[in-house]
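Chemist: I have a structure I would like to understand better, so I am pasting it below and will then ask my questions one at a time.
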Amino acid sequence: MKTLLAGSLAALALIALPNRASAQARGVTAEDYFAFETLGDPRISPDGSTIAYVVTTIDQKQNRRRSAIYSAPADGSREPQALTDPVRSSTSPRWRPDGGAIAFLSARPAPGDDNPRTQVWLLPLGGGEPRRLTSAANGVTSFQWSPDGSKLVVVSRSGPSDAAKSPSDVRHYRHANYKFNDTGWFDDKRAHLWVVEAASGRSTQITSGDDWNDADPQWSPDGRRIAFVSDRSGKAFDEGHNTDVWVIDAAGGALTKISDHEEADNSPRWSPDGRTIAFLSAVPEKSHPRIWLAPSTGGAPSKTAADNVDLIPTALRWADGGRALYFEAGVKGTTELYRVDVASRRASPVSSGERTLHLVDINEKTQRMAYGVNDPTRLDDLYVADLSGRNEKQITHLNADWYKQTQRVPVERVPFKGADGWDVDGFFMKPVGWEPGKKYPMILTIHGGPAGMFGFDWYHEFQVYAAHGWAVFFTNPRGSTGYGEKFERGIELNWGGRDYVDVMNGVDAALAKYPWVDRDRLGVTGGSYGGFMTNWIVSHTNRFKAAVTLRSISNFVSDDGTRDGQYGHADDFTGDIFEKFDLYWNASPLKYVKHVKTPTLVLHSDNDFRVPIEQGEQWFRALQHFGVPSEIVFFPRENHNLTRTGEPKHLVESIDWQVYWFERYIDGNARAVPPDAPSRGASSTSQDR
């Protein structure tokens, strides 16, 4: 029987084999993004025979993403088929419990609806057009079927009616938290729960309140109660972080508090017998979250579900008739599925291999699971396997035609010693067309967070770098996830300290292992924390010939006063700016900007509330003040997530800007043309330059 590890190794072996087609293939361009097919949200039918999932593509002309729901037999016996039209985007497929229909979210218009909002729609699988199930005034953000399929619980937002709106257009707040990076400025609407009758569409609001949001509703197995998450401390929009798990009757009424921590509790999941609710919570607040179990009736202390988990569990779910809990977690550059045996309180990995396994859905009836898999050379495809991880089978072959046209580069792990002798992982990609005896530049790239992780995942921009003849090196310095709590919290009082040593030791390790890298042609780039580290590096060493800093921190003092999460670095500096002002300023690259000699490109978004635009402006103006070759590019309408969820044309252009800068200063091409130059034209591609 083939295990998940065996399947992974076989796939890597196929990638490594030389073939004539790959010799003819071109490298990856930034504009290839427009051709990608992206997998999302696989869901297995109640009988286990079929999988519904989402495929997102890019409408380049309209500059938008379009999502369609597909279905495929779980045994792979037939080709997948589209269930919805991508022109009217549809997401979040959820099987009705009898398996005869699929509900989904879409903002498609209904008859007589001039201002469509995202609502729940129902697609009967026996034939017929989708019909709208909900008519929420402010749309629906998420939903879940009741166990008997007669009702849905939905999350929507409530607030003053149009008739009650103020005549003023000012923004008026009474709380310290009034903006968030993804959603922008807060309005006076709050997220609450409604129960909707599937047959009639009649809805009943079961939670309310102006000082909190309610999220993640989960039906009890008997359909009588609903668990959800909410911060009812009264401080949700001030300095509160104390979300709790609550239970309410499906008809509404009094709340029962399930969790018992002063820290944030989230992700409630009912056991199959309805007696227990599992949830996640980090206790104490700076620690990794753990899985907790509490009686669903409340009133008793919670207890941890596993004693040996030094990971960050996500996507929690029950299986094996309540004998086990499954979760996903990042582990040393990979993402794996884990199983917790409830009786023994021990966790063990289900999957392994140098790849990313995620988006897991489990079917209890068949003891099978569906999930997405990607690696450094391939985007996500849909797979199925037994819950044990055996008998893996690939179901979809997205992007297959594109793979035939392009040459992608695999990733090699480069372990090295960081500061204090800590073990640190680096990762390396050779340039496309690498030949022994030649010298090649290298781009160092640094991830955000710092609570993030690089590894065996798909990174479009890295493949673009490699296609331009540059080696790529990336690493997981202290502060990264996937290496345990001590490693992640190693960033405390260390921004620009031992993390900097970790990164630079990694560069030295790569140069030692790959002597063909031209140490006189090194570039550095990164976003968010990676942007901070880029700024820090060029203000502390001149060994890099070019830098591109994205959504970067330059001044912790002003950042903490203007970002979306007030005083968000208190954990990193053991206090806020009023208590530890000198630590904040000493860790700010702006303090050392007079030492910068490296030509630097600054990329920042107009609506970045996580690292406000003033951070990029301060860095650019200081570089200009000290005569450093520098340019700044502002992306309109974008937020902190530009390179992940930004407008497709902006996401592509952000990569092209990086290429332009490195071509100019790493390759020494004085004729490199910026992406906004009229001569580039709409049809220009990175491959043309």
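Chemist: How many residues does the stretch 259-302 contain that are assigned to a loop (DSSP other than H, G, I, E, B), in contact with a His (Cβ under 9 Å, 6 or more places away or on another chain) and of a type in the set (Gly, Ala, Ser)?
Modeler: Result for the stretch 259-302: 3.
Chemist: May I ask you to say which residue of 610, 621 is crowded, with 18+ Cβ neighbours inside 10 Å and among the basic types (Lys, Arg)?
Modeler: 610
Chemist: How many of the residues making up the stretch 73-111 are more than 30 Å from residue 220 (Cα to Cα) and not in a loop (DSSP other than H, G, I, E, B)?
Modeler: Within the stretch 73-111, residues that are more than 30 Å from residue 220 (Cα to Cα) and not in a loop (DSSP other than H, G, I, E, B) number 2.
Chemist: Here's something else I'd like to know. Can you pull out every residue in the stretch 169-198 that is in a strand (DSSP E or B) and without any contact (Cβ under 8 Å) to a residue 40 or more places away in the chain?
Modeler: The answer is 185, 190, 192.
Chemist: Let me ask something additional. If residue 643 meets every condition in (1) assigned to a helix (DSSP H, G or I); (2) more than 20 Å from residue 33 (Cβ to Cβ); (3) among the polar types (S, T, N, Q) apart from one, which number is that one?
Modeler: Result: residue 643 passes all but (2).
Chemist: I need the full set of residues from the stretch 566-587 which are loosely packed, with under 15 Cβ neighbours inside 10 Å and not in a helix (DSSP H, G or I), in order please.
Modeler: 568, 574, 578, 579, listed by residue number.
Chemist: Need the failing condition index for residue 201 against (1) part of a loop (DSSP other than H, G, I, E, B); (2) free of Cβ contacts under 8 Å to residues at least 60 places away in the same chain; (3) within 30 Å of residue 49 (Cβ to Cβ), just the number.
Modeler: For residue 201, the failing item is (2).
Chemist: Oh, and also: Select, from 526, 561, 627, the only residue that is touching a Leu at 6+ places or on another chain (Cβ under 9 Å) and either surrounded by fewer than 23 Cβ atoms within 10 Å (Cβ to Cβ) or in contact (Cβ under 8 Å) with a residue 12 or more places away in the chain (or both).
Modeler: Residue meeting the stated conditions: 526.
Chemist: Determine whether residue 216 is touching a residue at least 60 places away in the same chain (Cβ under 8 Å) and not in a strand (DSSP E or B).
Modeler: In short, no.
Chemist: Could you give every pair whose Cβ atoms fall below 6 Å, whose first residue belongs to the stretch 228-247 and is closer than 18 Å to residue 289 by Cα, and whose second residue is outside any strand (DSSP E or B) and β-branched (Val, Ile, Thr), counting only separations of at least 6 or pairs across chains?
Modeler: So the pair list comes out as 229/243; 231/243; 245/258.
Chemist: Output the residue which, of all residues in the stretch 330-351 that are assigned to a loop (DSSP other than H, G, I, E, B) and among the basic types (Lys, Arg), is nearest to residue 290 (Cα to Cα).
Modeler: The selected residue is 345.
Chemist: Related question: Look through the stretch 656-668, keep the residues that are surrounded by fewer than 22 Cβ atoms within 10 Å (Cβ to Cβ) and under 14 Å from residue 443 (Cα atoms), and return whichever of them is nearest to the chain's Cα centre (by Cα).
Modeler: The selected residue is 663.
Chemist: Taking the condition free of Cβ contacts under 8 Å to residues at least 12 places away in the same chain and either among the hydrophobic types (A, V, I, L, M, F, W, C) or closer than 22 Å to residue 655 by Cα (or both), does residue 620 pass?
Modeler: In short, no.
Chemist: Got a sec? Which of 156, 208 is part of a strand (DSSP E or B) and at pLDDT 90 or above?
Modeler: Only one candidate qualifies: 156.
Chemist: Could you run through the stretch 136-153 and say how many residues are outside any loop (DSSP other than H, G, I, E, B) and surrounded by fewer than 16 Cβ atoms within 10 Å (Cβ to Cβ)?
Modeler: 1
Chemist: With respect to residue 345, determine if the residue is touching a strand residue (DSSP E or B) at 6+ places or on another chain (Cβ under 7 Å), surrounded by fewer than 20 Cβ atoms within 10 Å (Cβ to Cβ), basic (Lys, Arg) and at pLDDT 95 or above.
Modeler: Answer is no for this residue.
Chemist: Keeping to the stretch 222-253, report how many residues are in contact with a Phe, Trp or Tyr (Cβ under 6 Å, 6 or more places away or on another chain) and part of a loop (DSSP other than H, G, I, E, B).
Modeler: 3
Chemist: Regarding residue 649, is this residue surrounded by fewer than 21 Cβ atoms within 10 Å (Cβ to Cβ) and closer than 22 Å to residue 558 by Cα?
Modeler: no
Chemist: Something else now. Go through (1) within 30 Å of residue 562 (Cα to Cα); (2) crowded, with 17+ Cβ neighbours inside 10 Å; (3) of a type in the set (Val, Ile, Thr) and name the single condition residue 196 misses.
Modeler: Just one mismatch for residue 196, condition (1).
Chemist: Take the residues of the stretch 361-383 that are aliphatic (A, V, I, L, M) and surrounded by fewer than 23 Cβ atoms within 10 Å (Cβ to Cβ): which is nearest to the chain's Cα centre (by Cα)?
Modeler: Checking each candidate, the answer is 379.
The values are calculated or read from the model by the stated rules, or taken from the named source; none is laboratory data. Only a predicted model underlies this, so the values are computations on that prediction, with no experimental measurement involved. Positions of Cβ are backbone-derived with ideal geometry, glycine not excepted, and every protein chain shown enters the neighbour counts.
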